[in-house]
Amino acid sequence: MPTEPINSLSANESVETSVSEALEATSGQRYDHAKKAGNQGDLVKHAALLAAVSYIAYRQHCETFVYAESHAGPACHTLQPGGAWEAGIGAFGRRVAGVDEADRRWPALHPYTATAFRHTPCAGSTYQGSHVLVHRMLTRADVTPRMHLWDISSHVCADLRLRYRSEPGAHISRSDGYSGLAMLPYVDLALVDAPAFEPRRIAQTIAGLSIKETPFLCWIPRIGVDSGEDPVVREFRDLVAEDYFVGTAQWQDWTPGLCGCAVVASPELQEPLSAVMTELLWAMGWRP
């Protein structure tokens with residue numbers, strides 16, 4: 001466990017890679033946030049997140065679960081025809097006949113399939129954001145959720161306040177979640193999921209969480225460049241691998257743009273997340 005924030009990234013200290021820019025490079029079109037809901041990255045993130053929540057809640061016999069998310073996003077999206085979900089949750093849906101079949105073939109993915117995958121996704125249906133899935137899982141398990149959610153968009157915060165208007169344990173803040181996470185005295189699980197890849201801020205944030213012994217999960221993109229993988233993304237992953245669990249997925253050949261993702265997490269989450277990543281790679285035909 002690190003004893004001080006990570007503060008060295010030699011490749012390029014000022015780099016900031018926008019996931020939207022990476023997707024635009026891949027598609028040649030302007031990035032539409034709504035079209036990414038349920039994509040391959042969401043599949044990895046949500047499967048890992050719900051496995052981590054289930055593991056912590058069961059291990060700690062939680063009656064109340066404190067969840068924090070640095071960049072929450074809207075409560076749900078409507079899946080659009082031709083959207084990126086077709087290669088993500090849509091492709092996963094084609095590989096399983098239902099929840100019972102998924103449990104038989106991919107038992108480590110049960111928290112995800114049971115919470116987010118009760119029906120085969122289709123255009124026009126909705127797909128929930130991370131915090132909604134966590135809330136649904138906890139309430140179904142008779143665990144009381146307490147949620148701290150941040151977003152810099154006034155429209156998103158209005159959406160979140162409407163979604164959680166009857167939840168006294170939900171705290172919505174219009175601000176950057178990096179500083180908000182650092183101020184919380186106690187969290188059962190924190191999700192760091194920024195819309196832009198800022199290696200220094202992310203590294204310092206997760207190091208600060210580790211110092212407080214706060215379990216965390218962090219999603220980062222894997223960006224393809226002509227020579228292979230973006231060197232700063234690769235260096236960041238190599239750097240944090242010394243202290244944390246790192247699971248990777250590559251879902252297409254290296255081409256300019258978003259070609260995969262990585263999950264960085266607290267060492268205590270290695271057991272459930274290793275199983276989830278292994279099953280996802282196998283189920284989807286991805287490479288690590």
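The values are calculated or read from the model by the stated rules, or taken from the named source; none is laboratory data. This structure is a prediction, so every number in the text was calculated from the model and none was measured. Please note: Cβ atoms are built from the backbone with ideal geometry, for glycine as well, and neighbour counts cover all protein chains shown. The protein model used for the area step is the full one, side chains on, heavy atoms only, and it has no ligands, DNA or RNA in it. Shrake-Rupley method; radii C 1.70, N 1.55, O 1.52, S 1.80 Å.
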Quickly run through segment 114-159 and pick out the residues that are over 21 Å from Asp103 (Cα atoms), touching a Leu at 6+ places or on another chain (Cβ under 7 Å) and among the aliphatic types (A, V, I, L, M).
-> Ala123, Leu149
Does Arg200 satisfy being open to solvent by 50 Å² or more (accessible area, probe 1.4 Å) and either assigned to a strand (DSSP E or B) or of a type in the set (Lys, Arg) (or both)?
-> yes
Taking segment 235-250 as the search range and keeping residues that are surrounded by fewer than 23 Cβ atoms within 10 Å (Cβ to Cβ) and in contact (Cβ under 8 Å) with a residue 40 or more places away in the chain, which one is farthest from Ala87 (Cα to Cα)?
-> Asp243
Between residues in segment 124-137 that are more than 17 Å from Gly41 (Cβ to Cβ) and free of Cβ contacts under 8 Å to residues at least 40 places away in the same chain and residues that are of a type in the set (Val, Ile, Thr) and open to solvent by less than 30 Å² (accessible area, probe 1.4 Å), which pairs lie under 9 Å by C-beta distance while being six or more apart or on different chains?
-> Arg136/Thr115
Counting only residues that are free of Cβ contacts under 8 Å to residues at least 60 places away in the same chain and closer than 16 Å to Val53 by Cβ, which one in segment 261-288 is least open to solvent (accessible area, probe 1.4 Å)?
-> Ser266
When (1) outside any strand (DSSP E or B); (2) surrounded by 20 or more Cβ atoms within 10 Å (Cβ to Cβ); (3) touching a helix residue (DSSP H, G or I) at 6+ places or on another chain (Cβ under 6 Å) are applied to Leu258, the one that fails is (1)
Hey, does segment 76-92 have a residue that's at pLDDT 90 or above and of a type in the set (S, T, N, Q)?
-> yes
Would you tally the residues in segment 149-198 being free of Cβ contacts under 8 Å to residues at least 12 places away in the same chain and under 19 Å from the mean Cα position of the chain (by Cα)?
-> 1
Given the conditions (1) under 20 Å from Val240 (Cα atoms); (2) assigned to a loop (DSSP other than H, G, I, E, B), every one holds for Ser210 apart from (2)
Could you figure out which of (1) open to solvent by less than 40 Å² (accessible area, probe 1.4 Å); (2) closer than 29 Å to Arg59 by Cα; (3) more than 15 Å from the chain's Cα centre (by Cα) isn't true of Asp230?
-> (2)
Kindly provide the set of residues from segment 178-236 that are among the small types (Gly, Ala, Ser) and within 27 Å of Trp254 (Cα to Cα), ordered by number.
-> Ala194, Ala196, Ala203, Gly224, Ser227, Gly228
